[in-house]
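**Q** Okay, here's the structure, questions in a sec.
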Amino acid sequence: MSYVPKLKQEYNEKIKAALKKDFDYNNPMEIPKLTKIVVSKGVGEAVADKKLIDQAVEELTTITGQRAVATMSKKDVAAFKLRKGMPIGAKVTLRGSRMYEFLDRLVSMALPNVRDFNGINPQGFDGRGNYNMGITEQIIFPEIDIDRVKRISGMDIAFVTTAHTDREAKSLLTELGLPFKKN
């Protein structure tokens, strides 16, 4: 018997049934699911100091449990002293078990560590069933050792779903445990 993350098991046993009841799907393949989570971090100061990219990649790898990659600039921008192909950020794409494990840690351990937290903004949907949120400090994750952090930086997290509308996606993410602000 292979390992199945707690959140994935809960999705298969309870959340699918709740979504099917709420939206009256005829086919089980219509029920929305979480496809991937992309965690990315832009490092603008990397133009001057290349070591910042290595630190960003190391932090994202520690937080997600999967090797992060450096992202390269796509074009030249003279005002920022940026050349095409220079490393300018880091990202990691999570799927399958690692995705559910990361989501579980985000909801149960990281978000409660945010100062004055009263829910995430429900305005981050893109109109096609995907949700984007930003985190201002990487130190909310328990995997990060605060003593080793040289500078506080944020990151963006994108939740990609198979939902067709924002309402379906919000319902799915709420069932998965994301605490949205009440209007």
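Every read-out reported here was derived from the displayed coordinates using simple, explicitly stated rules and does not represent laboratory data. Please read these numbers as outputs of a predicted model, since none were measured by experiment. Because the Cβ atoms are built from the backbone with ideal geometry, glycine has one as well, and the counts that use them run over all protein chains shown.
**Q** Below 15 angstrom from the Cβ of Ile152, what's the summed charge of the other residues (Lys, Arg +1; Asp, Glu -1)? Mind showing how you got there, number by number?
**A** Values: positive: Lys41, Arg115, Arg148, Lys150, Arg151; negative: Glu45, Glu59, Glu137, Asp145, Asp147.
Spelling it out: positives minus negatives among the neighbours equals 0.
**Q** Please give the net charge around Lys6, taking every other residue with its beta carbon less than 12 angstrom from that of Lys6, where Lys and Arg add +1 and Asp and Glu add -1. Each step should come with its number before you reach the end.
**A** Values: positive: Lys8, Lys14, Arg105; negative: Glu10, Glu13, Glu101, Asp104.
Summing Lys/Arg as +1 and Asp/Glu as -1 gives -1.
**Q** Further question: Work out how far the C-alpha atoms of the stretch 1-71 reach from end to end along every principal axis, then list the three figures in whole Å, largest first.
**A** For the stretch 1-71, the Cα extents along the three principal axes come out at 55, 30, 14 Å.
**Q** Say the dipole of the chain comes from +1 at the beta carbon of Lys and Arg and -1 at that of Asp and Glu; which of Val92, Phe159, Ala70 then lies farthest toward its positive end?
**A** Looking along the dipole axis, the top candidate is Ala70.
**Q** Turning to a different aspect of this structure: Could you list Thr161, Thr35, Thr71 so that the one with the fewest beta carbons within 10 Å of its beta carbon is first and the one with the most is last?
**A** On the way: Thr161 22, Thr35 14, Thr71 18.
Least crowded to most crowded, the residues run Thr35, Thr71, Thr161.
**Q** A further question on this structure: Using the reciprocal of the averaged 1/r over all distinct C-alpha pairs, how large is the Kirkwood radius of the stretch 108-183 in Å? Before the final figure, lay out the partial values.
**A** Working: mean 1/r = 0.0734 Å⁻¹.
Its Kirkwood hydrodynamic radius stands at 13.6 Å.
**Q** So if I take the alpha carbon set of the chain, get Rg, then get Rh from the Kirkwood formula, what is the Rg over Rh ratio?
**A** Working: Rg = 18.0 Å, Rh = 17.8 Å.
Computed over Cα atoms, the ratio is 1.01.
**Q** If we count other beta carbons within 10 Å of each Cβ, what is the order of Val77, Val38, fewest first? Walk me through the numbers on the way to the answer.
**A** Working: Val77 14, Val38 17.
By the 10 Å Cβ count, ascending, the order reads Val77, Val38.
**Q** Follow-up question, since we're still on this one. Which pairs break 22 Å Cα to Cα here: Lys50/Lys150; Lys41/Lys75; Lys75/Lys150; Lys6/Lys181; Lys16/Lys41; Lys6/Lys170?
**A** Details: Lys50/Lys150 14 Å; Lys41/Lys75 18 Å; Lys75/Lys150 29 Å; Lys6/Lys181 24 Å; Lys16/Lys41 32 Å; Lys6/Lys170 20 Å.
Where the Cα-Cα span goes over 22 Å, the pairs concerned are Lys75/Lys150; Lys6/Lys181; Lys16/Lys41.
**Q** If you don't mind, another one. Could you pull out every residue, at least 5 positions away or on a different chain, whose amide H is within less than 5 Å of the one on Ser73? Hs are placed 1.01 Å off N in the peptide plane, and Pro or chain starts have none.
**A** Amide H neighbours of Ser73, under 5 Å, 5+ apart: Gly85, Met86, Ile88.
**Q** Under 10 Å from the Cβ of Gly89, count the other residues' Cβ atoms, weight Lys and Arg +1, Asp and Glu -1, and hand me the total.
**A** Its environment carries a net charge of +1.
**Q** Taking neighbour Cβ counts within 10 Å as the exposure measure, how do Tyr3, Tyr25 sort from fewest upward?
**A** On the way: Tyr3 7, Tyr25 15.
Taking fewest neighbouring Cβ atoms as first place, the list is Tyr3, Tyr25.
**Q** Mind listing the phi-derived Karplus ³J(HN,Hα) values for the stretch 58-65, rounded to whole Hz, using 6.51, -1.76 and 1.60 with θ = phi - 60°, and x for any glycine or proline?
**A** Listing the rounded values in order: 5, 5, 5, 5, 5, 5, 8, x Hz.
**Q** Sticking with this structure for a sec: About the Cα centre of the stretch 15-176, what is the dipole size in debye to 20, counting +1 per Lys and Arg Cβ and -1 per Asp and Glu Cβ, all else neutral?
**A** Working: 25 positive and 21 negative charges, 128 e Å.
About 620 debye.
**Q** If you don't mind, another one. Cut-off 10 angstrom, C-alpha nodes, Gaussian network model of the chain. Which of Ala17, Ala158, Ala90 fluctuates the most?
**A** Comparing Ala17, Ala158, Ala90 in the GNM, the peak value goes to Ala17.
**Q** Starting at the first residue of the stretch 144-160, write each ³J(HN,Hα) from the Karplus equation 6.51 cos²θ - 1.76 cosθ + 1.60 with θ = phi - 60°, in whole Hz, x for Gly and Pro.
**A** The phi angles translate into 7, 7, 4, 5, 8, 6, 8, 8, 7, 9, x, 7, 10, 10, 10, 9, 9 Hz.
**Q** Still on this structure, I have one more. Please report the projected area of the stretch 97-149's Cα convex hull averaged over all directions, in nm². Before the final figure, lay out the partial values.
**A** On the way: hull surface 19.0 nm².
Averaged projected hull area, Cα only: 4.7 nm².
**Q** Can you compute the modelled spin-label distance between Asp147 and Lys21, with each label point 7 Å from Cα toward Cβ, in nm?
**A** Going from the Asp147 label point to the Lys21 one covers 5.0 nm.
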